[in-house]
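First the structure, in the form of structure tokens, and then the observations on it.
The values are calculated or read from the model by the stated rules, or taken from the named source; none is laboratory data. Just so you know, these numbers come straight off a predicted model, no measurement behind them. FYI the Cβ positions are ideal-geometry reconstructions off the backbone, even for glycines, and counts take in every protein chain you see. Each accessible area value is taken on the protein alone, full model and side chains, heavy atoms only, with ligands, DNA and RNA left out. Shrake-Rupley method; radii C 1.70, N 1.55, O 1.52, S 1.80 Å.
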Amino acid sequence: MSIVELQQVSRHFTKGRQTVEVLNGIDLNIEEGDFLALMGPSGSGKTTLLNLIGGLDQPTSGSVEVAGRQLVGLSSRKLAQWRSRNIGFIFQFYNLLPILSARRNVELPLLLTRLGGRQRRRNADVALTIVGLADRASHKPGELSGGQQQRVAIARAIVADPRILVCDEPTGDLDRETADEILDLLELLNREHGKTIIMVTHDPKAASHARHTLYLDKGNLVREAA
Amino acid sequence: MKSFPLIWSNLFRRRVRTFLTLFSIIAAFLLFGLLRSIAGAFEMGVNVAGVDRLMVSPKYSMVDGLPISHLAQIEAVEGVAEATHMTWFGGTYQNPTNFFPKFPVQPRVYFDLYSEYIIDPLQLDAFERIRTAAVAPADLAEQYGWRIGDRIPIEGDIWLRGDGSDLWEFELVGTYTVRDDESTFASFLFNYEYFDEARIPETQGIVSNFVVRVTDPDQAGEISARIDAQFENSINPTRTATEEEANRQFAAQVGDIGLIMNSILSAVFFTILLLTANTMTQALRERIPELAVLKTLGFTDRRVALLVLLESVLLCGLGGALGIAMSGFALQALGPELEGFLGQIEMTAATTLSGVGIALLLGVVVGLNPALSARRLQVVEALRK
Ligand SMILES: Nc1ncnc2c1ncn2[C@@H]1O[C@H](COP(=O)(O)OP(=O)(O)O)[C@@H](O)[C@H]1O
Ligand SMILES: [Mg+2]
């Protein structure tokens, strides 16, 4: 069953009189439970595509159906609510809130749920345990290494139990060894927890952790066996 | 409020900046609490009134003064039972913060007219007999530790002595109390005759106003008109009113004090507004990526805007509450010092509530623009940077 279904998706940016056609008529199906690596040269539109799947952006034309919902035409408010339930985001530079402890960072998505304070804290601790950082719950991001910060970010992405994780170069800022740990963790989330993962990466070794790899080039997708 | 820890910790992102801002807000509201309470005391202190007493003042300005020769004419007006005069002395006892009203008066008539002032008859005799005599309200004497027989030096400012000195010395011969403790204007009184002889000759014979007791309080209006008619075409026209009205007119002039204080406060709040708005705008700019992350996580535009707005309301509300609380404490500490001349000074509920209201309003005004920017923030654009 497809959890992501893009049909003839185009995304153009207009700046002044110039129009940049970043994505041109993309068709893409991703099965639930897949772990997909998305590769391509810099500026090829990987992030743009990820933003469309994650409900952060709207296509110029085409249909974007994710987790059973047509995202095209949804209001910004509806999209926000949808994101909070269905998508976990992981970024290259972690994007944690520096003023909050790891636990409070992980707890953020739960502020949008009906859970009470104690339950929120418990869920945050469970998520931190899954990523192996239970003992750092009260540390602030500045007191953690890059790899640890990315784990916190992963905990934050999974704490509300979304079906899809969207990762934009999650290991781009990490050394090889730490990157492998993070990738192992993502694999675990895919295999053991059934998360569908879509990961943009430059790194062929990172892509090798995925089940499939797609290449994006000049606005078109090229499928290649993993 | 689930997001409270988030809002709260945002305030401490830049401790120094937050504390400086908070400190300014506290200072502004401390000033607000003090000035409003003092203005309130001015407005309150003027409700004292004797129903059967009229006050004859210069028609145009309180500072003009009237010739003492008016007294005989006033006494001759039909319906006037008794009249005397008072002169605002000004002056300083030891230092300017020791403020209490001082008047040279005609001892006997004055205490007749102000029948609510109670004095020992022997002391009143002494007051009349001794040239440099003075009497004081008992609580004032207690406050400054004066004993009967003490010499009390007052430095003159309005009235200088004919001998070139500005030092007036009085001998305390008695104290008086106020029945029902009604008046807040109980004053330091001394002998007019001595005052008049001793002051610079050109200024002799000038008094501030006349106090009149009428035979029939119901006729007060007509009697007032008759008194004023007497002087209408003289070079010193008068305006006569019941003591209550006169006090109200005094309050109207004092009202300018309220106006001045409000002007000061407006300036202060305007400065605080700019300062805090600047802080908030800066705080927002630094945080754009983080707000974008919150939106990514599913925080709606409205919710993110609200977080920013509440942060500003929290900061201003906190500063306002602390400032007002501090002014409450300050008034308790300073109150006894000031009460001598202003009557009861206290933080009223109205002052407290309006202070808190202004603080919250300040928070909204200051936070509105950053909140709207936060609302408009486009996630994708913000994350690209
Ligand atoms: N909001 C935008 N406005 C204008 N141009 C954009 C915008 N977002 C992306 N682009 C352009 O689209 C192209 C693809 O960007 P992106 O998706 O970030 O590439 P990638 O992630 O593959 O490096 C780039 O040329 C970029 O400049
Ligand atoms: Mg990118």
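A few remarks follow.
- Count of region A:115-137 residues which are part of a helix (DSSP H, G or I), among the β-branched types (Val, Ile, Thr) and either buried (at least 16 other Cβ atoms within 10 Å of the Cβ) or at pLDDT below 95 (or both): 1
- Given (1) more than 7 Å from every other protein chain (Cβ to nearest Cβ); (2) more than 14 Å from the chain's Cα centre (by Cα); (3) in a loop (DSSP other than H, G, I, E, B), number of the condition A:Leu97 does not satisfy: (1)
- Enumeration of residues in region B:34-58 that are of a type outside the set (Phe, Trp, Tyr), over 20 Å from B:Thr238 (Cα atoms) and at pLDDT 60 or above: B:Leu34, B:Leu35, B:Arg36, B:Ser37, B:Ile38, B:Ala39, B:Gly40, B:Ala41, B:Glu43
- Of all residues in region B:58-94, those that are of a type in the set (Asp, Glu) and surrounded by 19 or more Cβ atoms within 10 Å (Cβ to Cβ) total 0.
- Filtering region B:170-187 for residues that are under 28 Å from B:Leu122 (Cα atoms), in a loop (DSSP other than H, G, I, E, B) and acidic (Asp, Glu) leaves a non-empty set.
- Meets criteria (within 22 Å of B:Pro5 (Cβ to Cβ), of a type outside the set (A, V, I, L, M) and either within 16 Å of ligand 1 (Cβ to nearest atom) or open to solvent by 10 Å² or more (accessible area, probe 1.4 Å) (or both)) for A:Gly68: no
- Residue pairs meeting the criteria (Cβ under 8 Å; at least 6 apart or on separate chains; first closer than 30 Å to A:Arg114 by Cα and in a loop (DSSP other than H, G, I, E, B), in region A:159-176; second within 16 Å of ligand 2 (Cβ to nearest atom) and β-branched (Val, Ile, Thr)): A:Pro170/A:Ile90; A:Pro170/A:Thr201
- Tally, over region B:280-290, of residues that are more than 10 Å from chain A (Cβ to nearest Cβ) and either acidic (Asp, Glu) or surrounded by 20 or more Cβ atoms within 10 Å (Cβ to Cβ) (or both): 4
A quick yes/no check of all residues on (1) in a strand (DSSP E or B); (2) touching a residue at least 40 places away in the same chain (Cβ under 8 Å); (3) touching a Leu at 6+ places or on another chain (Cβ under 6 Å):
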position: B:Asp125; (1), (2), (3): no, no, no
position: B:Asp163; (1), (2), (3): no, no, no
position: B:Trp168; (1), (2), (3): yes, yes, no
position: B:Glu193; (1), (2), (3): no, yes, no
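- Residue, surrounded by the fewest Cβ atoms within 10 Å (Cβ to Cβ), within region A:13-25, restricted to residues that are within 21 Å of A:Val66 (Cβ to Cβ) and near ligand 1 (Cβ under 9 Å from one of its atoms): A:Val22
- Selection within region B:146-160 - open to solvent by 50 Å² or more (accessible area, probe 1.4 Å) and of a type outside the set (D, E, K, R): B:Ile148, B:Ile158, B:Leu160
- Qualifying position, being within 14 Å of ligand 2 (Cβ to nearest atom), farther than 19 Å from A:Asn220 by Cα and open to solvent by 50 Å² or more (accessible area, probe 1.4 Å), among A:Phe93, A:Phe89: A:Phe93
- Listed by first and then second residue, the pairs linking a residue in region B:64-83 that is touching a residue at least 12 places away in the same chain (Cβ under 8 Å) to a residue that is among the aromatic types (Phe, Trp, Tyr) and assigned to a strand (DSSP E or B), with Cβ atoms under 6 Å apart and 6 or more places separating them unless they lie on different chains, are B:Ile74/B:Phe210; B:Ala83/B:Phe210.
- Test for A:Pro98: is it within 16 Å of ligand 2 (Cβ to nearest atom) and either among the β-branched types (Val, Ile, Thr) or surrounded by fewer than 23 Cβ atoms within 10 Å (Cβ to Cβ) (or both): no
- Extreme residue, nearest to the other protein chains (Cβ to nearest Cβ), among residues of region A:178-206 that are closer than 16 Å to A:Ile90 by Cα and within 16 Å of ligand 1 (Cβ to nearest atom): A:Val200
- Residue count, region A:153-171 (criterion: open to solvent by 10 Å² or more (accessible area, probe 1.4 Å), within 14 Å of chain B (Cβ to nearest Cβ) and within 16 Å of ligand 2 (Cβ to nearest atom)): 2
- Checking the stated criteria, A:Gln58 turns out to be out of contact with any His (no Cβ under 9 Å at 6 or more places or on another chain), within 15 Å of ligand 1 (Cβ to nearest atom), open to solvent by 10 Å² or more (accessible area, probe 1.4 Å) and within 13 Å of chain B (Cβ to nearest Cβ).
- When restricted to residues that are of a type in the set (Gly, Ala, Ser) and within 14 Å of chain B (Cβ to nearest Cβ), region A:106-136 contains 4.
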